[in-house]
1. Once a ≥ b ≥ c are taken as the square roots of the eigenvalues of the Cα gyration tensor of the chain, is the result rounded (a/c under 1.5), prolate (a/b larger than b/c) or oblate (a/b not larger than b/c)?
2. 5 Å is the cut-off here: which amide hydrogens, built 1.01 Å from N in the peptide plane, fall below it relative to PHE131, excluding neighbours closer than 5 in sequence?
3. Hey, can you grab everything whose amide H is under 5 Å from the amide H of LEU213? Only 5+ residues off in sequence or another chain; H modelled, so Pro and N-termini drop out.
4. Leaving ligands, DNA and RNA out of it, work out the accessible area of ILE17 with a 1.4 Å probe and give it in Å² to the nearest 10.
5. Only Cα pairs under 8 Å and at least 6 apart count here; give the relative contact order of region 14-69 as a rounded whole percent.
6. Using unit Cβ charges (K, R positive; D, E negative) and no other charged atoms, how large, in debye to the nearest 20, is the dipole of region 1-117 about its Cα centre?
7. Which one of ASN127, SER76, LEU199 has its Cα pushed farthest toward the positive end of the charge dipole of the chain, where Lys and Arg give +1 and Asp and Glu give -1 at the Cβ?
8. I need to check one value: relative contact order of region 171-246, counting alpha carbon pairs closer than 8 Å and at least 6 residues apart, in percent.
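The values are calculated or read from the model by the stated rules, or taken from the named source; none is laboratory data. Being a predicted model, the structure only gives us computed values, none of them experimental. Note that we place each Cβ from the backbone using ideal geometry, even for glycine, and neighbour counts take in every protein chain shown. In case anyone asks, the SASA skips ligands and DNA or RNA and just uses the protein heavy atoms, side chains included. Shrake-Rupley method; radii C 1.70, N 1.55, O 1.52, S 1.80 Å.
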Amino acid sequence: MQKDDDTSRLPNHIALIMDGNGRWAQARGLERREGHRAGAESLRRIVEESSDLGVHHLTVFSFSTENWGRPRTEVSFLMSLLERYIESDLADLHSEGVRVRVIGRREGVSKKICSLIDRAESLTANNNRLFLQIAFNYGGREELADAASRLARRATNGTLDPESINADVLAAELLTAGMPNPDLIIRTSGESRLSNFMLWQSAYAELYFTDVLWPDFSRADLEAAIAFYADRDRRFGLVSATGELD
Ligand code: IPE
Ligand code: IPE
Ligand code: MG
């Protein structure tokens, strides 16, 4: 079951909405693709730094189901960026004990990228220093609809009793099955919305929004987000540990 019970000061699972690449480029008079390139560098740094800080699970939002609606050249650049990221970084990620999983629909994703994803996942399957989950062609509503559809199919063919469907059964059908829920969700670039990211899993996450654009997001920014998290009183619908009504 996916639990929301982490009360330690360091989030066990951080999820990142890496936003602001386009504005970063625009502010420098560059093409948007330069912002995405700088964003990929930022991701490299943050993966390393999260691992250094002792974070065990990191999910990064790299391409949403809605992002298909962007200009064709931008979409294909983003596809090639994931391809290059896996090709160039897989060996290092593996040697650093990072387990990689890509969550999202495979429809529309090239055969080449799908096979790279398979290779990355199988090569790193037994690593346990940091679990890096890349949300690519991911949408929270689609994830929930796909899970509902699979459960409905099993109910129709008699292998699942509809009465037995509860929150745990549904969570086990999600792409994130087996992963704890995020404790802290960080969104860069000043937007305070989830944009279809981890709708189910975010139920009890602490949300941290910063104006910093993703390519500029540094270790100090990550530490500031973790310090914010450490200050929260996570009550999970209960009363606070002190029991005081304040
Ligand atoms: C985030 O940066 C990367 C993706 C969504 C793929 P954006 O490309 O959304 O950058 P802004 O929001 O336009 O600045
Ligand atoms: C969310 O950012 C998706 C990713 C970071 C991959 P968007 O830039 O697509 O979100 P909106 O359009 O501002 O809501
Ligand atoms: Mg954006």
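1. On the way: a/c = 1.56, a/b = 1.11, b/c = 1.41.
In terms of gyration-tensor shape, oblate.
2. HIS57, LEU58, ARG99
3. Here the answer is SER189, since their amide H atoms fall under 5 Å of that of LEU213.
4. Estimated to the nearest 10 Å², ILE17 gives 10 Å².
5. On the way: 40 pairs, mean separation 25.9, N = 56.
Here the relative contact order equals 46 percent.
6. Working: 18 positive and 18 negative charges, 102 e Å.
It comes to approximately 500 debye.
7. SER76
8. Working: 59 pairs, mean separation 21.6, N = 76.
This gives 28 percent for region 171-246.
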